[in-house]
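Quick note: the coordinates plus some simple rules give every number you see, no bench work behind them. What you see is a predicted model, and the numbers here were worked out from it, not measured in a lab. Note that we place each Cβ from the backbone using ideal geometry, even for glycine, and neighbour counts take in every protein chain shown.
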Amino acid sequence: MTGFRHGAVFAALLLSACGERALEPDAAIVCDPCDSWNQPQDPFRVHGNTWYVGTDGLSSVLIESDDGLILVDGGLPQSAALIDANIRALGFDPRDIKAILVSHVHYDHVGGISALQRLSGANVFTSIAGSGPLAVGVLADDDPQYIAGSDEGHFPPVREVVAVEDGGVVSVGSLDVKAVYTPGHTPGSITWTWQSCALGQCYDVVYADSLSAVSAEGFRFTDSGVADKLIASAGIIADLDCDILLVPHPFFFGMDAKLERRDQGNPFINNLGCVLYAESSLDWVERRLEAERSH
Ligand SMILES: [Zn+2]
């Protein structure tokens, strides 16, 4: 799916006619790791058109095109102000964001999107399975982390959501970002992939979605069939053209260690990144299935 709905474009024009827009934050979400995830992180260029603008523990990636910006993921509600500041610190204007892409609909990756959408006027894109939960701010009831009758996992809803099919493309200017469905961690998980070129060299960037087998108590990956989905999705990610791997939690692409090695070429370029990520995810699934067999 490409392009934008006319209504949203019209709304964006009206907003920009009113002049400077400020970020109105939504209420912070409280969770055990939230404060540590939300520590500030200096923004940096990953390669070419691709910039890291997230927090210390939650990825948010800015992609520059010849006609506007694309943002991938928005952290917690309290991350939005940090992401906004990081984008500005790089010299970009958040109001130039034309599209916001979602990896998976969990509060720690979509919590800040409502505020970032208000700021930018951008359309928000996710999978068909992810679009319903994103629009109401509640997990899908077939999400492994869903707890019936609980407020846990709720997040600010996103009003204008565009569903992208598997293999669909979101385009801004001449930049194409392709959606690859990788369900398992959530029913609507998407991996996004695009090209980054610099100095005559082009690389395939993969923002691979989480593949971790984490759930609410009592959920079984075996009986639900979600284990099979995770295994299939790991295979899909391992097979992608992949020179630069990014994922929703920067720990899983070794951000800090790589930043320390930046004087030795570009440590983010590694065409084994996706395969190694898939293998470590399969180990996690295997450990989880082992635990389920013994209970
Ligand atoms: Zn998650």
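Worth pointing out:
- Where a label projected 7 Å from the Cα of Ser294 along Cα→Cβ would reach, residues of the range 214-240 with amide N under 17 Å: 221-222
- 10 °C / 1.306 mPa s Stokes-Einstein diffusion coefficient of the range 33-181, Kirkwood radius on C-alpha pairs, µm²/s: 104
- Taking only the Cα atoms of the chain, the radius of gyration and Dmax are 18.2, 62 Å.
- The range 236-295: C-alpha gyration tensor shape, a/c 1.5 cut-off, then a/b vs b/c: prolate
- Karplus (6.51, -1.76, 1.60) ³J(HN,Hα), θ = phi - 60°, over the range 252-262, in Hz, Gly and Pro reported as x: 7, 10, x, 4, 5, 5, 5, 4, 6, 9, 5
- GNM flexibility winner over the chain from Ser210, Ser59, Ser196 (Cα, springs under 10 Å): Ser196
- 3J(HN,Hα) couplings calculated from phi for the range 216-233 with the Karplus curve 6.51 cos²θ - 1.76 cosθ + 1.60 (θ = phi - 60°) are, in sequence order, 5, 4, x, 6, 10, 5, 5, 5, 7, x, 5, 4, 4, 5, 4, 5, 5, 5 Hz; Gly and Pro show x.
- For Lys98, the lysines whose Cα comes closer than 18 Å to its Cα, not counting residues fewer than 8 places off in the same chain, are Lys178.
- Amide H contacts under 5 Å for Phe44, placed H, 5+ residues apart: Tyr52
- Where both bridge residues fall in the range 59-178, DSSP classifies roughly 45% of the beta bridges as antiparallel.
- Across the range 59-64, coupling constants 3J(HN,Hα) worked out from phi with the 6.51/-1.76/1.60 Karplus curve, θ = phi - 60°, read 6, 8, 10, 9, 10, 9 Hz, and Gly and Pro carry x.
- When Rg and the Kirkwood Rh are both derived from Cα coordinates, the Rg/Rh ratio for the range 173-285 amounts to 1.02.
- Order of Glu160, Glu217, Glu286 - criterion: other Cβ atoms within 10 Å of each residue's Cβ, fewest first: Glu217, Glu286, Glu160
- Along each principal axis, Cα extent of the range 48-104, largest first, Å: 29, 24, 20
- Whether the range 211-263 is rounded, prolate or oblate, judged on the alpha carbon gyration tensor where a/c under 1.5 counts as rounded: oblate
- When DSSP beta bridges are restricted to pairs lying wholly in the range 120-202, around 70% turn out antiparallel.
- Within the range 23-114, percent of DSSP bridges classed antiparallel, to nearest 5: 70
- His249, His295 arranged by Cβ crowding within 10 Å, fewest neighbours leading: His295, His249
- Taking Lys and Arg as +1 and Asp and Glu as -1, the other residues whose beta-carbon sits under 14 Å from that of Gly112 total -4.
- Note on Leu282 and Ala22: with the Förster distance fixed at 51 Å, the Cβ-Cβ geometry gives a FRET efficiency of about 0.70.
- Cα gyration tensor, the range 12-95 - rounded (a/c under 1.5), prolate or oblate: oblate
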